[in-house]
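What follows is a single structure, written as structure tokens, with notes after it.
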Amino acid sequence: MADQCDLCLLGLIVLSSLLSGSSGDDHVFISCGENVRLSCNNALSDCTSTTWTYYNRFSHSAVELIAGGMKRKHTERHESLSLGSDCSLNINNVTIEDRGFYICRQYVNGQKQRPDARVFLHVLHVSASSSSSSSSSSSQTEISPGRSMTLSCQLYSDTGYFCDYLVRSQDMKLLWVNQAGVDLQTDSRYQISAPDPCIISLTTTLLNEDHNREWRCEVTQRNKLKTSATYTVKYSVDSSTLIPVSSSNSQKKSSPTTSAAPTQGVTTAGSLLRVIVSIVEMAVFAAPTVILLQIICARRAGRKDSQRPEEIEIEPTILQ
């Protein structure tokens, strides 16, 4: 019975915030995996008076995260929480479970000070599924060219009617855009549907060139971007569809390592053999030339030697 009362009280708080549009309420939009900061606009000069409490409709309970400026160690996500110097609540690596209603309160000597600071955290998440014939799977290894892929983008809030209210009454939209930021609603290649105000899906048949392509789901309010979540297609290694560059490079690099030593030995032996053959050929062709030169030189030397005695003998005769 107490749980039901807590749930009813939470519902009244949320509903009154929606209807009154209290300026003290803060709506924060974030995508899964990112870090978020929840402001406490009623903080005193000393954060030791600050208490952060988390309410979740699905758990039917309230969890005290921060008390007296200190983290509660019993919380499930103790490691992901921290208190900022301005008494803000920081959440690292946000998950869908973090969506909900947060209240920052100030207590001095057990007495509540100032009005509550209320923060609604909305989390955007994208999931993918691919199908071939009658089978479907969300496994990344099943995504390949020629298959139909569906991307589902959902804005998670603490209550379903709250998300519906935001989309219908606060001029909020969910849309799919490409890497250039162009709305894919008008592209005939994509089938876009919105089965729920806070869910929008994109279906398309994958092409070879879609490898590493990015699609982005955006949440806008009055044409102002609130947050976005992306999905990048990564094909599995399949020789019939794509050959990764890394694989071909590794093959090119691996083949020389196994044959480098034998090839180098064969090349060295072949080069040495060619040098020897060249030397022999030069010797064979040069030998007759050398012999002929030696004969010519010898003959010339013989002629000079035979002429010199005659000249010596004749010269005295002429002088007489």
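Numbers for the structure displayed
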| read-out | value |
| --- | --- |
| If the convex hull is drawn through the Cα atoms of segment 123-232, its volume per residue in Å³ | 111 |
| Sequence-distant residues sharing a close amide H with ASP158 (under 5 Å, placed H) | GLY100 |
| In nm, spacing of pseudo-spin labels at SER169 and ALA194 (7 Å Cα→C-beta vector) | 1.7 |
| Two-site label geometry, GLN185 and ILE96: point separation in nm, points 7 Å out along Cα→Cβ | 2.5 |
| Net lengthening on full extension, HIS60/LEU225 (0.36 nm per residue, minus Cα-Cα) | 56.2 nm |
| Interchain or long-range residues, amide H under 5 Å from LEU65's placed H | TRP52, THR53, TYR54 |
| Candidates per trypsin sites (Lys or Arg not before Pro) in segment 199-233, loop by DSSP, up to 10 other Cβ within 10 Å | ARG222 |
| Cβ-based net charge around GLN221, under 9 Å, with every Lys or Arg adding one and every Asp or Glu removing one | +3 |
| Interchain or long-range residues, amide H under 5 Å from ILE143's placed H | SER236 |
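Just so you know, all these numbers are worked out from the coordinates, no wet-lab data involved. Keep in mind the model is a prediction, meaning the values are calculated, not measured. Neighbour counts are summed over all protein chains in view; Cβ atoms, including those assigned to glycine, are modelled from backbone coordinates with ideal geometry.
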